[in-house]
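Before any comments, here is the structure.
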Amino acid sequence: QAQLVESGGGLVQAGGSLRLSCAASGITSKIRTMGWYRQAPGKQRELVALITTIGITNSADSVKGRFTISRDNAKNLLYLQMDSLKPEDTAVYYCNYWTVDTTYWGQGTQVTVSS
């Protein structure tokens, strides 16, 4: 079946950087909007950033100026460059791909930022 797989998470010190990626397999429809979400323990899942097919983006106020979302349309890859990481960025990060009729979710990758 269709599957999204996140990678690039890990443990990093505050102020450091990580680059997350999301690869799709088994999706035959054209992918439209892509996004990154995150969920910290005891908190609701929240939107981190979105990017449209033509590269228009928006992001949560908490990550503006620090995180950059990008995509490779030819390879159906999604990226999240995370700089100046803070302990409050610690969460499981999930990628999300929209097609015309379906939404796909990855299983998540853990990001832990130590102080």
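Data overview
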read-out	value
Members of the range 58-81 that are assigned to a strand (DSSP E or B), of a type in the set (Ser, Thr, Tyr) and either more than 15 Å from GLU6 (Cα to Cα) or touching a helix residue (DSSP H, G or I) at 6+ places or on another chain (Cβ under 9 Å) (or both)	SER59, THR68
The range 28-52, subset in contact with a Lys or Arg (Cβ under 6 Å, 6 or more places away or on another chain) and either hydrophobic (A, V, I, L, M, F, W, C) or open to solvent by less than 50 Å² (accessible area, probe 1.4 Å) (or both), residue farthest from GLN107 (Cα to Cα)	ILE51
Cβ-Cβ under 8 Å pairs, at least 6 apart or on other chains, the range 14-31 side at positive phi, far side assigned to a strand (DSSP E or B) and not aromatic (Phe, Trp, Tyr)	GLY26/GLN3
Check on LEU50, farther than 21 Å from SER115 by Cβ, touching a strand residue (DSSP E or B) at 6+ places or on another chain (Cβ under 6 Å) and not charged (D, E, K, R)	yes
Test result for SER84, modelled with pLDDT of 95 or more and either among the small types (Gly, Ala, Ser) or in a strand (DSSP E or B) (or both)	yes
Answer from ALA24, ALA60, ALA14 - the residue that is open to solvent by less than 90 Å² (accessible area, probe 1.4 Å), touching a Leu at 6+ places or on another chain (Cβ under 7 Å) and modelled with pLDDT under 95	ALA24
Residue in the range 104-113 that is assigned to a strand (DSSP E or B), within 14 Å of the chain's Cα centre (by Cα) and modelled with pLDDT under 95 present	no
Complete set of residues in the range 70-105 that are buried (at least 17 other Cβ atoms within 10 Å of the Cβ) and closer than 20 Å to ALA14 by Cα	LEU80, MET82, LEU85, ASP89, THR90, ALA91, VAL92, TYR93
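The values are calculated or read from the model by the stated rules, or taken from the named source; none is laboratory data. On a predicted model such as this, the values are computed, not experimentally measured, just so you know. So basically every Cβ, Gly included, is an ideal-geometry build from the backbone, and we count neighbours across all protein chains shown. Note: areas computed on protein heavy atoms with side chains; ligands, DNA, RNA excluded. Shrake-Rupley method; radii C 1.70, N 1.55, O 1.52, S 1.80 Å.
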